[in-house]
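Report on one structure; see the data block that follows.
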Amino acid sequence: MAVYTDVSDEELSDFLTRYDIGALVSCKGIAEGVENSNFLLGTETGRFILTLYEKRVNEGDLPFFLGLMDHLADRGINCPQPVRDRDGEALGRLAGRPATIVSFLDGMWVKRPEVSHCGQVGEALARLHKAGEGFSIRRRNGLGPDGWPPLYAGSADRADEVLTGLGGEVETELAFLQSNWPKDLPEGVIHADLFPDNVFFLKGQLSGLIDFYFACNDFLVYDLAICLNAWCFEPDGAFNITKGRAMLSGYTSGRPLTDAEMDALPVLCRGAALRFLLTRLYDWLMTPPGALVRKKDPLEYYKKLRFHRTATTASAYGLELAGSGA
Ligand SMILES: Nc1ncnc2c1ncn2[C@@H]1O[C@H](COP(=O)(O)OP(=O)(O)O)[C@@H](O)[C@H]1O
Ligand SMILES: N[C@@H](CCOP(=O)(O)O)C(=O)O
C-alpha cells in the first residue's frame, strides 16, 4: 500500500487551518499507488486528495507537476487541481514531507481494459498533448534513454536471479536503443505513466486523468508507445491489435502522426517496454522485505519487449499505413 508517512490528527488539523476548505471530517489512507503517500480527506466542503511526496520525488520538480496540473485544468483536461492556501501557496509541508491538497476526481480505473477504453485513452492522450502546449516550465525525462544505463547498473549484478539470461538481453537491448533511438521528433509535455490505474472512467466514458508525477518533456509519440504497452496487451502476453488500432485511431483523430513518428513507433515501443522493465526490475530486487510497496512483475515487460522486437513497422500495432492496404 502507499502510505509511507504517518500523519497525526493534530498535525493534519493544524495543516488544514491554512486552507479555506472547511474542517476535517474524515481521513483515510489510500492503498493504491506506489510513489507517494496519499490520503482521501473529507472536509465540511467536500472530498480532496492529500499527497505527501516521498523520497523518489525530487522537490525541485514539484513546481513543474503542480503548475502542469493547473495549466491542463485551465485548458479543459479533467485532472486534479492543486488547492491553494490563503497565501496562494499550493505546496506546503506536513509530517516532515512536502505536501499538497488536490481536488478529488470521481470515477474508477478499469482492471480489464476493453477496445472502447483504449480508443478513449488515445483520444485523451492527443487532447493532453495539445493542452500541454505553451506550458512554460520544462522537465527533462530522467527515465529516458540516458537514464536507462545508470538505472540498470543498480540491478545488473542480480538480473539473472529473475530470469536466466535476462542481464544479457537487457544489455543487448540497451545497446540497440542507444544506436537506434530517433532524433528530432515533435516534442512536448508527456504524461509518461498513463497506465490504466491513472485513468478514470464513469459509466464507460473516460472521466479524468491522474498521477502526473512522471510528466516531462519528451517525444509526444513516446507517450503513445507507453500507452500501447500499458493498455493493449492481454493478460496472456499477446498484443491485441484491435485495441492498438482503436488507440492509434483515437490518438490520430486528435493529433495526426508525422511519417517520422510512424516510422519510429516500433523502436519507441521497445524503449517504453525497457523503461518499465528496468524500473520494475530495480524495485523487484531492491525493495526490502516487509516494505509496504506492491512490487510489479518485470517479466511482464520483458515479454512485451520481445513482441516489439518482431514489429518492423507501425502496422504491427494496427496503424494503417498509406499504400500498405493494412
Ligand atoms: N485526484 C484524485 N481523485 C481521486 N482519487 C485519486 C486522486 N489522486 C489519487 N487518487 C487515488 O489514489 C491512488 C494513488 O494515486 P497515484 O497518484 O497513482 O499515487 P502514486 O503516485 O503514489 O502512484 C489512485 O489509484 C486513486 O485511487
Ligand atoms: N506504472 C508503473 C508504476 C508506477 O505506478 P503508479 O502507481 O505511480 O502509476 C508500472 O506499472 O511499472
Considering only protein heavy atoms and a 1.4 Å probe, what is the carbon-and-sulfur percentage of the accessible area of the stretch 115-322? 53 percent
Checking the table LYS111/LYS295; LYS183/LYS303; LYS111/LYS304 against a 23 Å threshold on Cα-Cα, which pairs fail? LYS183/LYS303
Packing-based ranking, highest mean first, of 213-223, 151-161, 310-320 given that Cβ atoms within 10 Å are counted: 213-223, 310-320, 151-161
Taking the alpha-carbon centre of each part, the distance from the stretch 251-273 to the stretch 1-59 in Å is 38 Å
One-quarter of the Cα convex hull surface for the chain, in nm²? 17.1 nm²
So how long is each side of the stretch 199-250 along the principal axes, counting just the alpha-carbon atoms, biggest first, in Å? 30, 29, 22
Would you kindly state how much longer the chain becomes between THR313 and ASP106 on full extension, computed as 0.36 nm times their sequence separation minus their alpha carbon distance, in nm to one decimal? 70.7 nm
nm² value of the averaged projected area, convex hull over the Cα atoms of the stretch 9-103: 6.2 nm²
So the FRET efficiency between VAL115 and LEU202, C-beta based with R0 = 22 Å and rounded to 0.05, is 0.75
I'd like the orientation of helix 241-254 relative to the chain: the angle between its Cα long axis and the longest Cα principal axis, in ° from 0 to 90, rounded to 10. 70 degrees
Could you work out how far apart the two model spin labels at SER26 and THR242 are, taking each label as a point 7 Å from the Cα in the direction of the beta carbon, and quote it in nm? 3.9 nm
Distribution output for the stretch 162-296: share of Cα-Cα pairs per 10 Å bin in percent, first bin at 0, values 10, 36, 37, 14, 2
Highest to lowest packing among 228-234, 267-273, 36-42, scored as the average C-beta count within 10 Å: 267-273, 228-234, 36-42
Under a point spin-label approximation (7 Å from Cα along Cα-to-Cβ), what is the GLU234-MET286 distance to one decimal in nm? 3.6 nm
Considering only protein heavy atoms, what per residue accessible area in square angstrom results for the chain with a 1.4 angstrom probe? 46 Å²
Kindly express, to the nearest 10 degrees and within the range 0 to 90, the angle between helix 220-231's C-alpha long axis and the longest C-alpha principal axis of the chain. 90 degrees
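The values are calculated or read from the model by the stated rules, or taken from the named source; none is laboratory data. Please read these numbers as outputs of a predicted model, since none were measured by experiment. Cβ atoms come from the backbone with ideal geometry, glycine included; neighbour counts cover every protein chain shown. Side chains included, ligands, DNA and RNA excluded: accessible areas come from the protein's heavy atoms. Shrake-Rupley method; radii C 1.70, N 1.55, O 1.52, S 1.80 Å.
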